[in-house]
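S.K.: This structure is in structure tokens; I'll ask about it shortly.
The values are calculated or read from the model by the stated rules, or taken from the named source; none is laboratory data. This is a predicted model, so every value here is computed, not measured. A quick note on method: Cβ atoms are made from the backbone with ideal geometry, for glycine too, and the neighbour counts reach across all protein chains shown. Surface areas here come from the heavy atoms of the whole protein model, side chains and all, with no ligands, DNA or RNA. Shrake-Rupley method; radii C 1.70, N 1.55, O 1.52, S 1.80 Å.
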Amino acid sequence: AEAEMSILPESRLWFEGGSTVRGFTCEATALDGSVVTRDGAEPRVAALKSAVESVSIIVAVEALDCGNDTMHDHMRKALEAKKHPRIEFRVADYDLAETGAGAGLVELRGELTIIGTTRDVTILADVEERADGTLAVRGSTKVDMTEWGVKPPRLMLGTLKVHDEVEVHFEMALGL
């Protein structure tokens, strides 16, 4: 039998990038997805070693907040929001090493889908048990948008060009 851990509302995912003019940050204002575990699995680092069946994280492109309307619009166009409304990361496999009591390092291997293109990615994250019985999973990874066929936005007649690479950060809170 399967159970599910919830992705709690305080979970955050954002990406930071640079451009020829200034840096920018886009934050996901909503996160969706699921963490399916074997029945009876508790939100404990030690239990995670074999307990997780599947993980998927979904970000609605419309839910990305880039701090200003111009950047929003350009990012949504670049990410083809109308045609491909979701960015999705699915974990295929993972390894977890305990680094201390209630703490660990996890290597997530999975597929990241952006504008309909799916590629394999590996992400390292810290996992830690929190006092309230939930789990915190934190990490970051660099993504070269062009590898997924995204054309980085150009603004102001091309004088501002967004760099190809963004750094994606996440702080997920998981609970039963």
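S.K.: Can you report the number of residues in region 37-91 which are among the aliphatic types (A, V, I, L, M) and in contact with a Pro (Cβ under 8 Å, 6 or more places away or on another chain)?
M.R.: Qualifying residue count, region 37-91: 5.
S.K.: Taking region 39-58 only, how many residues are under 29 Å from E27 (Cβ atoms) and in contact with a Leu (Cβ under 6 Å, 6 or more places away or on another chain)?
M.R.: Residues that pass the stated criteria total 2.
S.K.: Also: Please specify each residue of region 63-82 satisfying the condition of being open to solvent by 70 Å² or more (accessible area, probe 1.4 Å) and either charged (D, E, K, R) or under 24 Å from L108 (Cα atoms) (or both).
M.R.: D69, D73, K77, K82
S.K.: Further, regarding this structure: Name the residue that is modelled with the lowest pLDDT, counting only residues in region 7-39 that are buried (at least 19 other Cβ atoms within 10 Å of the Cβ) and farther than 22 Å from T122 by Cβ.
M.R.: The qualifying residue modelled with the lowest pLDDT is F24.
S.K.: Next question, about the same structure. Could you check region 113-135 and list, in sequence order, the residues that are among the small types (G, A, S) and open to solvent by less than 80 Å² (accessible area, probe 1.4 Å)?
M.R.: Listed by number, the residues that qualify are G116, A125, G133.
S.K.: Please give the number of the condition P85 fails out of (1) surrounded by fewer than 17 Cβ atoms within 10 Å (Cβ to Cβ); (2) at pLDDT 95 or above; (3) of a type outside the set (F, W, Y); (4) touching a Gly at 6+ places or on another chain (Cβ under 7 Å).
M.R.: Among (1) surrounded by fewer than 17 Cβ atoms within 10 Å (Cβ to Cβ); (2) at pLDDT 95 or above; (3) of a type outside the set (F, W, Y); (4) touching a Gly at 6+ places or on another chain (Cβ under 7 Å), P85 violates only (4).
S.K.: Out of E42, E4, E53, report the one residue that is out of contact with any Asp or Glu (no Cβ under 9 Å at 6 or more places or on another chain), outside any loop (DSSP other than H, G, I, E, B) and open to solvent by 30 Å² or more (accessible area, probe 1.4 Å).
M.R.: Going through E42, E4, E53 in turn, just one is out of contact with any Asp or Glu (no Cβ under 9 Å at 6 or more places or on another chain), outside any loop (DSSP other than H, G, I, E, B) and open to solvent by 30 Å² or more (accessible area, probe 1.4 Å): E4.
S.K.: Moving on to the next point. Looking only at region 88-110, count how many residues are of a type in the set (A, V, I, L, M) and exposed (fewer than 13 other Cβ atoms within 10 Å of the Cβ).
M.R.: Total satisfying the criteria: 3.
S.K.: While we're here: Suppose we filter V106, V150, V143 for residues that are on the phi < 0 side of the Ramachandran plot and out of contact with any helix residue (DSSP H, G or I) (no Cβ under 8 Å at 6 or more places or on another chain); which single one remains?
M.R.: Residue meeting the stated conditions: V143.
Condition check ((1) in contact (Cβ under 8 Å) with a residue 40 or more places away in the chain; (2) in a strand (DSSP E or B); (3) within 25 Å of V52 (Cα to Cα); (4) among the acidic types (D, E)) across all residues:
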| site | (1), (2), (3), (4) |
| --- | --- |
| Y94 | yes, yes, yes, no |
| L105 | no, yes, yes, no |
| I123 | no, yes, yes, no |
| A131 | no, no, yes, no |
| K151 | yes, no, no, no |
| K161 | yes, yes, no, no |
| L174 | yes, yes, yes, no |
